[in-house]
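Comments concern the structure below.
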Amino acid sequence: MNIYTASHFHPKHHKAAVFSISRTQPFHLPEFRPLFPPEELLHDYKYNKIDWQQYQPIYLKHLQDNQEEIIRIIKSLNNDITLCCWEKSPIQCHRSLAAKFIQSILNCDIIIR
């Protein structure tokens, strides 16, 4: 299984089954809710109450808290998937954190874009 990441703005990078991991979705994409950032975390980051260094451990804790559901969903798909969000760059983006987290628990390949 491969986990791809891409921006909603770059559909050419969308591979296999595409899921939004954003709180708002374009194109009526299916949602992967356990990977959504918590609303308060997103708000604090968006309005510069916290920086990227502070954001990361909080989001990773959220993923750990939802690990069983994340594993269940991915195993039920049994297919390559693309995780999409609004950030154009994957550098400071939760989709990269989510993909790396999934790789660490399922030992799958990831392609981050």
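The values are calculated or read from the model by the stated rules, or taken from the named source; none is laboratory data. These numbers come from a predicted model, not from an experiment. Neighbour counts are summed over all protein chains in view; Cβ atoms, including those assigned to glycine, are modelled from backbone coordinates with ideal geometry.
Before moving on, here are some points about what is shown:
- Verdict on Thr82 being hydroxyl-bearing (Ser, Thr, Tyr), crowded, with 19+ Cβ neighbours inside 10 Å and outside any helix (DSSP H, G or I): yes
- Pairs, first under 21 Å from Leu83 (Cβ atoms) in segment 37-53, second among the aliphatic types (A, V, I, L, M) and surrounded by 10 or more Cβ atoms within 10 Å (Cβ to Cβ), C-beta under 6 Å, six or more apart: Leu41/Ile58
- If you go through segment 85-113 and pick out every residue that is small (Gly, Ala, Ser), over 12 Å from Phe32 (Cβ atoms) and crowded, with 17+ Cβ neighbours inside 10 Å, you end up with 1.
- Filtered residues of segment 18-73 (kept if out of contact with any helix residue (DSSP H, G or I) (no Cβ under 6 Å at 6 or more places or on another chain) and aliphatic (A, V, I, L, M)): Val18, Leu29, Leu42, Leu60, Ile71, Ile73
- Subset of segment 51-73 [farther than 21 Å from Thr24 by Cα and of a type in the set (A, V, I, L, M, F, W, C)]: Ile71
- Within segment 7-26, being free of Cβ contacts under 8 Å to residues at least 60 places away in the same chain and surrounded by fewer than 14 Cβ atoms within 10 Å (Cβ to Cβ) holds for Pro11, Lys12, Pro26.
- Look at (1) at pLDDT below 95; (2) more than 15 Å from Met1 (Cβ to Cβ) and you find that Asn78 fails only one, number (2).
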